[in-house]
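Note sheet for the following structure.
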Amino acid sequence: MKSLLIATYSICLAASLMAVRAEDAKETAVKDAQASASSSTSTTVNGHTVTTEHKRPGLNTEQKAARKELIGKYDKDNNGKLDKEERKAIAAEDKAKMKKAGLQARTRKVVKKD
């Protein structure tokens, strides 16, 4: 009787550990997929939906030079980034330079919740 009870307990314990391990593997796959970068695509892996991120291509030398010039000219708080007010201050001439270099502002999608 004791051996039957121990065997039953062992089987239950093994099944629980396998379930936990499968859950950890799924969470790891999702975290790895989300760590990639900016735009996302959803795919199904082993019956689970995984969202993968895609990195944007790097800047070329012309784009880097234009960005550095723009930040040097308009970054008033010297943090290396242009905040909302600093972006508003960019002149039309400099906006044209950005567009020519391929540095257009990102547009954000507004999702309306009903």
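Summary of computed values
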read-out: The lone exception for GLU53 - which of (1) at pLDDT below 85; (2) loosely packed, with under 12 Cβ neighbours inside 10 Å it fails; value: (2)
read-out: Tally, over segment 74-101, of residues that are surrounded by fewer than 14 Cβ atoms within 10 Å (Cβ to Cβ), within 20 Å of GLU62 (Cβ to Cβ) and in contact with a helix residue (DSSP H, G or I) (Cβ under 7 Å, 6 or more places away or on another chain); value: 1
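The values are calculated or read from the model by the stated rules, or taken from the named source; none is laboratory data. Keep in mind that what you see is a predicted model, and the values were worked out from it rather than measured. Cβ coordinates were reconstructed from backbone atoms using ideal geometry, including for glycine residues, and neighbour counts include every protein chain displayed.
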